[in-house]
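The values are calculated or read from the model by the stated rules, or taken from the named source; none is laboratory data. Fair warning: this is a prediction, and the values are worked out from it, not measured in the lab. Quick reminder, even Gly has a Cβ in these numbers, built from the backbone with ideal geometry, and neighbours come from all protein chains shown. All accessible areas refer to the heavy atoms of the entire protein, side chains included, with ligands and DNA or RNA removed. Shrake-Rupley method; radii C 1.70, N 1.55, O 1.52, S 1.80 Å.
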Amino acid sequence: MLAARPGFALAVVLTFALGIGANSAIFSLINGLLLKPLPYADSVQLVYIYNSYPKMNQETSGMTVPDYIDRRDQADALADSALYYDRSFNLAGEGAPRHLTGIVATPSLFTTLKVNAALGRTFSADEAEIGHDHVVILTDSLWKNQFAADATIIGRDVRLNGDSYRVIGVMPSDFSFPNRDVQLWAAFAFTPMQKSDAMRGFDFARSIGRLKPGASIAQLDAQFDAIAHRNAVRLAGTGGDTRSYDRFMESSGFAGRSKSLHDRQTGDVKPLLWTLQAVAFAVLLIACANIANLMLLRVSSRRRELALRSALGAGRARIAQQVLMESLLLALLGGALGIVVAEGGLHLVHTLDLDGAARGFRVDIGGVVLAITAILTLASALLSGLLPALSLTRTRPSEVLKDGARGGVGSRFARTTRDGLVIAQIALAAVLLVGTGLLIHSFALMQRQSPGFQSNHVLSASVHLPPNRYKNSAAAAPFHERLLADVRALPGVTSAGIVGSMLFANDDSSAAYYVEGRDVSDAQPAPLGYLQTVDEDFFKTLQIPLLQGRGFRASDDANSEKVVIVDELLAQKYFPQESALGKRIAMRGVSNERVWQTIIGVVGTVKRNKLDEDTTTETFYENFRQNPTRLFTLVMKTELPAAELIGPLHTILQKIDPEQPVFDIKTMDERIGASLDDRRTPMLLMILFAGCALLLAAVGIHGVLAFSVAQRSGEIGVRMSLGAQQRDITQLVLAYGGRLAGIGLLAGLSIASLLAQSLRTQLFGIDVTDPLTLVAVIAVTIIATLLACWLPARRAARIAPMEALRHE
């Protein structure tokens, strides 16, 4: 019977596939990122450990070596723990120099994660000692791509950052930590200075731990508090420089804290995923309503046949069973096709970088997802077939057989049900359209925000000078000077500068500082600001406006007075009624001394990582010539397409230092564009879901009107015989469709006004009651409804009265 109506069967199967496939794809993400354990043994025991400074509005910070040692040795709740930090490595001697992303970690990293090398071994305890730490472990991908999967690499030396490192192991192909960008791990050997109390507060590393069986995060945090208290008492008793750190601990609210490593790895994606799952479920409900309507129309067109079956002895349950079995069969076909749709959806979310692959998660359609898909398929079949089956129980066969010759539009229950389903579809589509419209408007407003500098025609590239060949600023100065001179001489380059921590690169270099004459009390925390190290041409290259004073000069070298430039936000905070020029600020040094620097200029405030960020943290700029760094980013203003500078830039680096690679080459527009991904991704998915919902709703109202026109052809013929014009018939059909759409739209807007509150944190520059969005949703819904109604209305207007009456 389904084969006799292939168009109907295909429409239902495709609708099922769309709704079920969308839900399976999103649930695959939820399962892979939120429900599955991390790919480490007993991963529920793994925790991320960090320092917190709540009084300085820095809830999550890094770690120091003395903090790590205290907690490793004194926290009884920890079975094992590790300390690690990011480090760039320059690989030379294996073809062209290559930049590698690495991790320097204590040997306990691999015992904490309970993983072993696939080839060779992991670090031993003695390799955490100075002089024995030049050993590395490779990822499987680096081993295969760079060393052609040569098993003899174990025990051989490679040249990293100008030094020899022995390769001792290769990790399994499915292992990554802390993310898949990491290409190798080097041993972490603590220096005496790193282990001293003087380094407390200079957080630079990260830490993970493994809880003992039965231990909890609350117990671990309590033990961290006890350790911090003992340190405060000890440091206060020693006097001298450590006493100032004791005051710093008190004023900053310092505490050691921990959280589930799984929560740390997933980040803030949990609310987004559950929101998307709710949206996908709404699409499935619309799909089920659409299919239920199609089946109601099919049942109505078969009323006489089903009445005859009933008159010949078929019970109502038997006839309802036939409808439910048709729904089940179509749902099973749709569910099977939905798996294919889900696979395509996962490719899409991977492209949008929403699947957590970069953080080591594996999202796929496994047994759990297939089971949920099966449940959704059965539930969809029931939802879609139940109302059509119920409509049969309210039909009296004798009335149908007496009325059958004159057509009709089915029972009142069937008509009311069809109309209700259309209204529900439009209402749900309107809810999704409101949410999507809010995200689109918010995103458009955010894109128009100024970052505080000119990003167009700016290319950036990072360089990391290895410390063994560039031991200090005097050794690195010739490299910096020649690099800048050669780059500035390139055709099309109008200016070039250097910055220590790049904007829109998630590089939040910050430091506590002091303002001369405004010392804080022991109970108050020192203010925290972003620290940037720039040369004299950085502001010119990015066109950051100079508001007061002057910029850096080449003469502001290491032998000159220490100078600093602050942003407008810092100047307004501390010098609202006077000029900031000539005032002094200082950062806390390693030995707790204050290094004072004179303010010589005030520049405009810029955004660091997001266009929508509310800039409340000030920035101060140190002079690169007075405080050079080995890891820096070169920024270039160019009149040429950025791609044309990449080759010449590599050539310049090779001439200056053949072992020195350049990496992270991006335009500023690319960096800003990437910073919008966390807003763009949910918006694009919402657009996709809302578009599907609106299409299904339009198909639903079109189907109802088309069926109504076909069943009422006799009535329309009578109307036209009595003098009705084509426009009257058109208006009649459009009014019917418009009435359904209007009720659905009104209901949808009412529901959306309540549900949109959950999107408030995702919005920028608008409220959930944004009138422009509401007007746009109303307009889009009306246009879609008119298009869906127009074809049935036109077909009704073209009915020939004589043919309709003869048929009747």
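Kindly indicate the residue of the range 319-374 that is small (Gly, Ala, Ser) and modelled with pLDDT of 90 or more and also farthest from residue 386 (Cα to Cα) among those meeting that condition.
Step one: of the range 319-374, the residues small (Gly, Ala, Ser) are 320, 327, 331, 334-336, 338, 342, 344-345, 356-358, 360, 366-367, 371, 374.
Those left that are additionally modelled with pLDDT of 90 or more: 331, 334-336, 338, 342, 371, 374.
Details: 331: 13, 334: 17, 335: 18, 336: 21, 338: 21, 342: 26, 371: 22, 374: 18 Å.
Filtering first and then ranking leaves 342.
Applying the selection to the range 108-138, what residues are assigned to a loop (DSSP other than H, G, I, E, B) and buried (at least 17 other Cβ atoms within 10 Å of the Cβ)?
Residues satisfying the conditions are 115, 117, 122, 123, 133.
Looking at the range 23-80 only, could you name the residues that are closer than 30 Å to residue 341 by Cα and open to solvent by 20 Å² or more (accessible area, probe 1.4 Å)?
Answer for the range 23-80, where residues must be closer than 30 Å to residue 341 by Cα and open to solvent by 20 Å² or more (accessible area, probe 1.4 Å): 27, 34, 35, 36, 37, 39.
Do the conditions hold for residue 728, that is, is it surrounded by fewer than 20 Cβ atoms within 10 Å (Cβ to Cβ), among the acidic types (Asp, Glu) and under 30 Å from residue 440 (Cα atoms)? Full working, then the answer.
Numbers: surrounded by fewer than 20 Cβ atoms within 10 Å (Cβ to Cβ): yes; among the acidic types (Asp, Glu): yes; under 30 Å from residue 440 (Cα atoms): no.
It is false that residue 728 is surrounded by fewer than 20 Cβ atoms within 10 Å (Cβ to Cβ), among the acidic types (Asp, Glu) and under 30 Å from residue 440 (Cα atoms).
Which of the residues belonging to the range 559-576 are open to solvent by 70 Å² or more (accessible area, probe 1.4 Å) and either on the phi > 0 side of the Ramachandran plot or over 42 Å from the mean Cα position of the chain (by Cα) (or both)?
559, 561
Check the range 474-491 and report whether any residue there is open to solvent by less than 40 Å² (accessible area, probe 1.4 Å), assigned to a loop (DSSP other than H, G, I, E, B), of a type outside the set (Asp, Glu) and farther than 21 Å from residue 609 by Cβ.
Yes - at least one qualifying residue is present in the range 474-491.
Of everything in the range 691-746, what is under 16 Å from residue 293 (Cβ atoms) and of a type in the set (Val, Ile, Thr)? Give them in sequence order.
The answer is 699, 701, 704, 709, 743.
For every residue, the table says whether it meets (1) polar (S, T, N, Q); (2) under 21 Å from residue 572 (Cβ atoms); (3) in contact (Cβ under 8 Å) with a residue 40 or more places away in the chain.
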position: 598; (1), (2), (3): yes, yes, no
position: 611; (1), (2), (3): no, no, yes
position: 620; (1), (2), (3): no, yes, yes
position: 633; (1), (2), (3): yes, no, yes
position: 644; (1), (2), (3): no, no, yes
position: 647; (1), (2), (3): no, no, no
position: 651; (1), (2), (3): yes, no, no
position: 661; (1), (2), (3): no, no, yes
position: 673; (1), (2), (3): no, no, no
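Could you please let me know if residue 495 is surrounded by fewer than 20 Cβ atoms within 10 Å (Cβ to Cβ) and in a loop (DSSP other than H, G, I, E, B)? Outline the logic, then answer.
Details: surrounded by fewer than 20 Cβ atoms within 10 Å (Cβ to Cβ): yes; in a loop (DSSP other than H, G, I, E, B): no.
So residue 495 fails the test.
Within the range 435-452, restricting attention to residues that are in a loop (DSSP other than H, G, I, E, B) and at negative phi, which residue is surrounded by the most Cβ atoms within 10 Å (Cβ to Cβ)?
Here is the first cut: in the range 435-452, the ones in a loop (DSSP other than H, G, I, E, B) are 448-452.
From the residues that got through so far, the ones that are at negative phi too are 448-451.
Values: 448: 9, 449: 15, 450: 11, 451: 21.
Per the stated criteria, the residue is 451.
Look at residue 618 and say whether it is acidic (Asp, Glu) and touching a Pro at 6+ places or on another chain (Cβ under 7 Å). It would help to see each step written out before you state the result.
Working: acidic (Asp, Glu): yes; touching a Pro at 6+ places or on another chain (Cβ under 7 Å): no.
Spelling it out, it is not the case that residue 618 is acidic (Asp, Glu) and touching a Pro at 6+ places or on another chain (Cβ under 7 Å).
Identify all residues within the range 154-181 that are surrounded by 15 or more Cβ atoms within 10 Å (Cβ to Cβ), polar (S, T, N, Q) and under 25 Å from residue 93 (Cβ atoms); write none if there are none.
Result: 161, single match.
Looking at the range 552-560, is at least one residue among the basic types (Lys, Arg), touching a strand residue (DSSP E or B) at 6+ places or on another chain (Cβ under 8 Å) and part of a loop (DSSP other than H, G, I, E, B)?
no
State all residues of the range 710-762 that are basic (Lys, Arg) and at pLDDT below 85; if no residue qualifies, say none.
Selection gives 712, 719, 727, 760.
Where residues in the range 86-117 are in contact with a Gly (Cβ under 8 Å, 6 or more places away or on another chain) and not charged (D, E, K, R), which of them is farthest from residue 220 (Cα to Cα)?
92
Pairs, please: C-beta under 7 Å, at least 6 apart or cross-chain, first residue modelled with pLDDT of 85 or more and in the range 253-278, second surrounded by 14 or more Cβ atoms within 10 Å (Cβ to Cβ) and among the acidic types (Asp, Glu)?
That search, which allows pairs on different chains as well, returns 256/67; 257/221; 258/221.
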